[in-house]
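Please read the structure below before turning to the comments.
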Amino acid sequence: MLAISASDLEASSRQPPSELTQTAISYRVLAIKSLNSALSTGIHSPEDGNAMLATCYILLYQSIFIDEGLPEFLTFVRGCVLLPIHMDCKGLKFLFQNVLTEDEIEMTRPYLQSMPPIDLSSVDAACASLEAFAPLCKRELENMMREQTLEIVRKFYSSSGDGTKSPCRCSNTMLTHHLAYLAWLKGSITFSCTISQAEFMILIDPSNLVGKLILSHFVAMQTLQTPIIVDERSSRMALQFANGMVRWLDVLHANLEPSIRKYFAWPIKRAEELRGWFQRGRALAQT
């Protein structure tokens, strides 16, 4: 809690980075060391497991304040899913047991009714970009993760309210936000948790250009849900999360070779669009 509090205070300040940055990282390192130590001894009670799970959630959310926080964000997504699975296997009750049940997700429907439709031209562009770099995916892991990301994006399409999926092409059809949210939530967790630890490390290896390409599209894909996220959470937290994704994209897109940069064109454009959205939002807030 001290770690994320320091990060939140730092993000809320309009001053240049201060000692709060170092404080936030120092407490984060201590929390990770304590979590690893606790995991090494095993889970022996609901209290132990839930304390570890709560720590994972806090560290996950703190990752959005860190420019190079994407690998750790995905690591803690894995923790937030795999820890409850392990606890369930041991017959231990865990926090947020219903977070991915149909009943729990159904509760989000009223909050999504007034949202504007997702821009289908952006979804089309995402699909086209993901399909374009398929020949670069030589490993089975790379092709699987690219296809999983593409499948999440394709689920953003729906026909005129009947829940069926349309082909990946331009359409004026209004998206059903509930279906899109469901696809994004479950798909994002699937992305992080259906591979082994060794495969996960290959995916997030900074020297793996195809892995970087997949991660770039995965993050940019999440920004398609920005209007929903803004409504689902408080606007301040939503802006922090979206800002974090833009920073992650900037890190992923730094120092790209010209020969590979063309495959990053859509995520780069998406980051620029979000920056414009932030600027318009700030301008409106000042009027």
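The values are calculated or read from the model by the stated rules, or taken from the named source; none is laboratory data. As the structure is a prediction and not an experimental result, all values here were calculated from the model. Here the Cβ is made from the backbone with ideal geometry for all residues, glycine too, and neighbour counts use every protein chain on show.
Here are some notes:
- Residue match in region 82-90 (condition: among the basic types (Lys, Arg) and touching a helix residue (DSSP H, G or I) at 6+ places or on another chain (Cβ under 6 Å)): no
- Just one of the listed residues (ALA24, ALA11) is part of a helix (DSSP H, G or I) and surrounded by 19 or more Cβ atoms within 10 Å (Cβ to Cβ), and it is ALA24.
- Residue count, region 184-203 (criterion: within 14 Å of PHE73 (Cα to Cα), modelled with pLDDT of 90 or more and surrounded by fewer than 17 Cβ atoms within 10 Å (Cβ to Cβ)): 1
- Condition broken by LEU59, with the remaining ones in (1) over 18 Å from the mean Cα position of the chain (by Cα); (2) touching a residue at least 40 places away in the same chain (Cβ under 8 Å); (3) outside any loop (DSSP other than H, G, I, E, B) satisfied: (1)
- Filter result (touching a Pro at 6+ places or on another chain (Cβ under 7 Å) and modelled with pLDDT of 70 or more) within region 220-252: ALA220, LEU249
- Checking each residue in region 36-95 for being within 17 Å of ILE204 (Cβ to Cβ) and outside the structural domain of ALA11 (by TED's automatic domain parsing) picks out no residue at all.
- Out of LEU82, LEU95, sole residue that is out of contact with any Lys or Arg (no Cβ under 7 Å at 6 or more places or on another chain), assigned to a loop (DSSP other than H, G, I, E, B) and either of a type in the set (A, V, I, L, M, F, W, C) or at pLDDT 90 or above (or both): LEU95
- Filter result for GLU147 (more than 15 Å from GLN222 (Cβ to Cβ), in contact with a helix residue (DSSP H, G or I) (Cβ under 9 Å, 6 or more places away or on another chain), at pLDDT 65 or above and assigned to a helix (DSSP H, G or I)): yes
- Top-ranked residue of region 37-56 - restricted to ones that are in contact (Cβ under 8 Å) with a residue 24 or more places away in the chain and in a helix (DSSP H, G or I), ranked as nearest to the chain's Cα centre (by Cα): CYS56
- Residue match in region 103-121 (condition: under 30 Å from GLY211 (Cα atoms), in a helix (DSSP H, G or I) and at pLDDT below 90): yes
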